[in-house]
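The structure appears below as structure tokens.
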Amino acid sequence: MAEIGFYHLTRSGLDDALPRLLGRTLQAGERAVVRCGSAERLAALDAALWVCPEPDWLPHGTPTAGNADLQPIWLTTEDEAPNGARFLFLVDGAESARLGAFTRVFDLFDGNDEGAVARARERWKAAKAAGHALSYWQQGVRGWEKKA
């Protein structure tokens, strides 16, 4: 079973929060796959990761660029991990039928979007019913705060 963290974005957007989490993933010596909800989001994140200020460099690839096996971070709209990632990031409500194939799953959702919050609650219920270990994180003044 995977350890699944639900990350409630309340103070910044995905383009600001995701790079820091990916940076920590790389620092831990892990690879990541980011499953996007649309091709438009994938393209926007691809551009944002090249210019993010912190960390200042996040090596990554997309299906357009290819060479998935060489990429420490892989952006995709598919339910895949061709770079051998053990960490999965789900954004924009993207889901995976392969949660158990990952060590850690990060489900990031926009707290300013009532629909996104409701869909995250449904994903939480499904993950809990499947027996995954769950945690809930919310952005606070000092960063991510783990909530009960």
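A few points about this structure:
- DSSP beta bridge pairing in the chain, given as percent antiparallel to the nearest 5: 15
- ³J(HN,Hα) computed for each position of region 22-32 - Karplus, 6.51 cos²θ - 1.76 cosθ + 1.60, integer Hz, glycine/proline x: 5, x, 5, 4, 5, 4, 7, x, 9, 9, 9
- Square roots of five times the Cα gyration tensor eigenvalues for region 3-86, Å: 18, 15, 14
- The phi torsions of region 46-55, fed into the Karplus equation with coefficients 6.51, -1.76 and 1.60 and a -60° offset, translate into couplings of 4, 5, 5, 5, 6, 10, 5, x, 9, x Hz, rounded to whole numbers, with Gly and Pro shown as x.
- Distance in nm between pseudo-label sites at residue 130 and residue 1 (7 Å out along the Cβ direction from Cα): 1.2
- Selection among 39, 62, 140 by position relative to the dipole of the chain gives 140 as farthest towards the positive end (Cβ unit charges, Cα centre).
- Calculated FRET efficiency, residue 138 to residue 114, Cβ-Cβ distance, R0 = 22 Å: about 0.90 to the nearest 0.05.
- Descending Cα extents along the principal axes, the chain, whole Å: 38, 32, 29
Every number in this text was worked out from the coordinates using simple rules, so none of it is lab data. Keep in mind the model is a prediction, meaning the values are calculated, not measured. Cβ coordinates were reconstructed from backbone atoms using ideal geometry, including for glycine residues, and neighbour counts include every protein chain displayed.
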